[in-house]
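Notes follow the structure.
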Amino acid sequence: MIKKISEESGIGQRTVSVTLSEYRNKKTVTSPNKTKIRPKVTDKVDEFDQNAIRQKVHQFWHNHQIPTLNKILTAVNEDDSLPSFSKISLHRVLKHLNFEYVRKSRNSVLIERNDIVCWRRNYLETIKNYRQLGRQIYYLDETWVNAGETTSKSWVDITVKSTRDAFLRGLTTGQKEPSGKGKRLIVVHIGSSDGFVP
């Protein structure tokens with residue numbers, strides 16, 4: 001019977017015999033596990049290499065450049081002291097290092113200086129006093145459209161919690177927005193609780 005099953009199915013007699021034996025003992029048959037447990041790329045990168053890769057990313061910010069995946073890949077693979085990565089492997093390592101590929105925003109608390117924080121506190125106290133005095137408060141805002149374009153997303157290190165933290169660890173707080181040099185269209189208006197000023 002085992003020989004006939006083997007010939008009809010193309011499975012070796014030994015496998016058929018083991019399968020029948022398993023069914024007799026356990027009253028069930030399980031499929032052999034052929035998936036190999038392979039170590040992840042993040043397990044192959046030690047702490048020294050992880051810190052070196054983190055420094056490579058922050059070096060772009062120090063040089064006022066935007067770290068794209070292709071730029072980081074080139075910088076890492078050109079360093080003989082670091083292992084070479086494929087694009088997908090490096091992407092996984094960056095995610096493991098708590099970097100996030102996020103849309104850039106001009107509203108970053110991390111890049112604010114201490115004098116700006118103090119100025120804001122002073123402003124809030126002053127505006128509160130003006131409201132108590134019943135004075136009319138006007139609000140002015142502006143925006144602009146630059147002729148020059150930059151990428152809308154970049155890699156951000158979410159382990160950096162403040163400017164002091166970045167300084168102590170020898171890292172950066174990320175991208176500094178371009179100064180907006182070149183042609184641009186400025187939109188500005190002023191208004192109060194009574195509406196816009198003509």
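Does the range 23-48 hold any residues that are charged (D, E, K, R) and modelled with pLDDT of 85 or more, and which are they?
Selection gives Arg24, Asp46, Glu47.
Which residue out of Gly174, Gly191, Gly182 is of a type outside the set (Ser, Thr, Tyr), under 30 Å from Lys44 (Cα atoms) and either modelled with pLDDT of 90 or more or part of a loop (DSSP other than H, G, I, E, B) (or both)?
Gly174
Any residue in the range 157-186 that's more than 17 Å from Ile66 (Cβ to Cβ) and among the acidic types (Asp, Glu): show its pairings with residues that are at pLDDT 80 or above and in a loop (DSSP other than H, G, I, E, B) at Cβ separation under 7 Å, as long as the two are six or more apart or on different chains.
none
Being open to solvent by 30 Å² or more (accessible area, probe 1.4 Å) and of a type in the set (Ser, Thr, Tyr) is the requirement here; does Thr74 meet it?
So Thr74 passes the test.
Using the structure shown, decide if Arg103 is surrounded by 10 or more Cβ atoms within 10 Å (Cβ to Cβ) and touching a residue at least 24 places away in the same chain (Cβ under 8 Å).
Judged against the criteria, Arg103 is not a match.
Of the residues Thr68, Thr19, Thr74, Thr28, only one is in contact (Cβ under 8 Å) with a residue 40 or more places away in the chain and among the polar types (S, T, N, Q); which?
So the residue among Thr68, Thr19, Thr74, Thr28 that is in contact (Cβ under 8 Å) with a residue 40 or more places away in the chain and among the polar types (S, T, N, Q) is Thr68.
Restricting attention to the range 77-100, which residues are assigned to a loop (DSSP other than H, G, I, E, B) and exposed (fewer than 12 other Cβ atoms within 10 Å of the Cβ)?
Answer for the range 77-100, where residues must be assigned to a loop (DSSP other than H, G, I, E, B) and exposed (fewer than 12 other Cβ atoms within 10 Å of the Cβ): Asp80, Ser81, Ser86.
Where in the range 10-68 are there helices (runs of 4 or more DSSP H), lying fully within it, with 2 or more residues that are open to solvent by less than 80 Å² (accessible area, probe 1.4 Å) and closer than 30 Å to Glu78 by Cβ?
In the range 10-68, 41-44, 47-62 are the helices (runs of 4 or more DSSP H) which contain 2 or more residues that are open to solvent by less than 80 Å² (accessible area, probe 1.4 Å) and closer than 30 Å to Glu78 by Cβ.
The values are calculated or read from the model by the stated rules, or taken from the named source; none is laboratory data. All of these numbers come straight from a predicted model, not from anything done at the bench. A quick note on method: Cβ atoms are made from the backbone with ideal geometry, for glycine too, and the neighbour counts reach across all protein chains shown. We work out accessible area using only protein heavy atoms, side chains counted, and drop any ligands, DNA or RNA first. Shrake-Rupley method; radii C 1.70, N 1.55, O 1.52, S 1.80 Å.
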